[in-house]
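Data first, discussion second: the structure below is written as structure tokens.
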Amino acid sequence: MPLLPALSGREVVAAFERLGWSVARQQGSHIIMTKEGSIATLAIPAHKEVAKGTLRSLIRAAELTVQEFLGNSD
């Protein structure tokens, strides 16, 4: 299982935007992202560092692998 880097909330949002997700709104300290054709919504905390368990959960909810999220084509 690939290791996840320490990423800020804004870096996580940028990574999901590269994968076709878009920012729908911001509610408090959470950025809500949606993707057309997906029933899932992602609530990304706008923190200095997103906890690795939270990040892994967001990746799973987006139906991605860690490698896909990180941009590895291996």
Any residue in region 15-26 that is in contact with a strand residue (DSSP E or B) (Cβ under 8 Å, 6 or more places away or on another chain) and among the hydroxyl-bearing types (S, T, Y)?
-> yes
Go through region 50-64 and give me each residue that's loosely packed, with under 13 Cβ neighbours inside 10 Å and not in a helix (DSSP H, G or I).
-> A51, E63
Just for region 30-49: of the residues that are at pLDDT below 95 and hydrophobic (A, V, I, L, M, F, W, C), which one is surrounded by the fewest Cβ atoms within 10 Å (Cβ to Cβ)?
-> I39
Looking across region 4-19 at residues that are in a loop (DSSP other than H, G, I, E, B) and over 12 Å from F69 (Cβ atoms), the single one that is modelled with the highest pLDDT is S8
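Which residues, counting only those in region 45-74, are in contact (Cβ under 8 Å) with a residue 12 or more places away in the chain and of a type in the set (S, T, N, Q)? So that I can check it myself, show each step before the final result.
Pass one, region 45-74, residues in contact (Cβ under 8 Å) with a residue 12 or more places away in the chain: 45-50, 52, 55-56, 58, 61-64, 66-72.
Q67, N72 - these are the residues of region 45-74 that are in contact (Cβ under 8 Å) with a residue 12 or more places away in the chain and of a type in the set (S, T, N, Q).
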Considering (1) at pLDDT 95 or above; (2) surrounded by 16 or more Cβ atoms within 10 Å (Cβ to Cβ); (3) closer than 16 Å to P5 by Cα, say which one F69 fails and leave the rest.
-> (1)
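Looking at G28, G9, which is the one that is at positive phi and not aromatic (F, W, Y)?
Only one candidate qualifies: G28.
Give the number of residues within region 24-49 that are assigned to a strand (DSSP E or B) and not aliphatic (A, V, I, L, M).
First, the residues of region 24-49 that are assigned to a strand (DSSP E or B): 24-27, 30-34, 41-45.
Checking which are not aliphatic (A, V, I, L, M) leaves us with 25-27, 30, 34, 41, 45.
Residues meeting the conditions: 7.
The values are calculated or read from the model by the stated rules, or taken from the named source; none is laboratory data. Predicted model, so just to flag it, every value in this text is computed and none were measured. A quick note on method: Cβ atoms are made from the backbone with ideal geometry, for glycine too, and the neighbour counts reach across all protein chains shown.
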